Amino acid sequence: MIKILAIDGNHYALRVLEKILEAYKSKTRLQIEYTIGPVFIESEDDLNLISEVVSAKFDIIMSCKAICELASKKRLAGKPYKNTAQMLSKKLSPNGIMLIEDVTVKNNGEFIPVTLNTELNEFIKENPNFVTLLPMSCKRNGNKCSKGCFFKEEIKVKHSRKDNDISKIVYRFISHRQVLNIFESSNVVSNIQCKIN
């Protein structure tokens, strides 16, 4: 059984996800149960309220291109990436993986990858039960690195409006330390190539 909880402020995106899930369900034998949660986050209090209401633990948690939107609109104060990682990590199952991904533009005068990496390095240092799985440079240097670095991954997408749309992103995969031990003992991590631009 696969259970999905999708929370987003973009109602249109949630409806598209629902159509994709229904189409997939009709073509697979997997049992998929999903809940769509359209929410509007006005402040950090709203985010904390969602965290309190959602009591389940998840194997996969993804935050994609959301934190910068909330931070740029002053809906998340302080250290938005660190605070979000702190909140989401409490919802991560023991063998779960968390992805925090965002765009590479500037926000408040600093490039988002620098802010994201600085804050997530702080999170990792202050929470020794958590580690970075990817990118490899952050996995190796995350505990030593006090300044954020700038890296990006370019993903080419084809859609109805453009054939070669390039999305520039920064990401971090975080897990409990035991997940890294599983990956390292099976040589999964050593076979992953990480390209830093």
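The values are calculated or read from the model by the stated rules, or taken from the named source; none is laboratory data. Please read these numbers as outputs of a predicted model, since none were measured by experiment. Don't worry about glycine lacking a Cβ; one is built from the backbone with ideal geometry, like all the others, and counts go over all protein chains shown. When the accessible area is computed, the model is the full protein with side chains, heavy atoms only, and any ligands, DNA or RNA have been set aside. Shrake-Rupley method; radii C 1.70, N 1.55, O 1.52, S 1.80 Å.
With the checklist (1) at pLDDT 90 or above; (2) outside any helix (DSSP H, G or I); (3) open to solvent by less than 30 Å² (accessible area, probe 1.4 Å) in hand, flag the one item residue 120 doesn't pass. If we test residue 120 against (1) at pLDDT 90 or above; (2) outside any helix (DSSP H, G or I); (3) open to solvent by less than 30 Å² (accessible area, probe 1.4 Å), just (2) comes out false. Flag: residue 57 does not match the condition of being over 19 Å from the mean Cα position of the chain (by Cα) and open to solvent by 100 Å² or more (accessible area, probe 1.4 Å).
Looking across region 98-114 at every residue that is in contact with a helix residue (DSSP H, G or I) (Cβ under 7 Å, 6 or more places away or on another chain) and modelled with pLDDT of 90 or more, the one that is farthest from residue 59 (Cα to Cα) is identified as 102.
Looking across region 76-94, just one residue is touching a helix residue (DSSP H, G or I) at 6+ places or on another chain (Cβ under 7 Å), modelled with pLDDT under 90 and open to solvent by 30 Å² or more (accessible area, probe 1.4 Å), and that is 77. The residue that is surrounded by the most Cβ atoms within 10 Å (Cβ to Cβ), counting only those in region 2-41 that are over 30 Å from residue 77 (Cβ atoms) and of a type in the set (Phe, Trp, Tyr), is 34.
Every residue, every condition in (1) loosely packed, with under 12 Cβ neighbours inside 10 Å; (2) farther than 28 Å from residue 16 by Cβ; (3) at pLDDT below 85, yes or no:
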{"residue": "133", "(1), (2), (3)": "no, yes, no"}
{"residue": "149", "(1), (2), (3)": "no, yes, yes"}
{"residue": "161", "(1), (2), (3)": "yes, no, yes"}
{"residue": "171", "(1), (2), (3)": "no, no, no"}
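Filtering region 47-64 to residues that are in contact (Cβ under 8 Å) with a residue 24 or more places away in the chain and either among the aliphatic types (A, V, I, L, M) or more than 18 Å from residue 97 (Cβ to Cβ) (or both) leaves 47, 48, 50, 51, 54, 56, 60, 61, 62.
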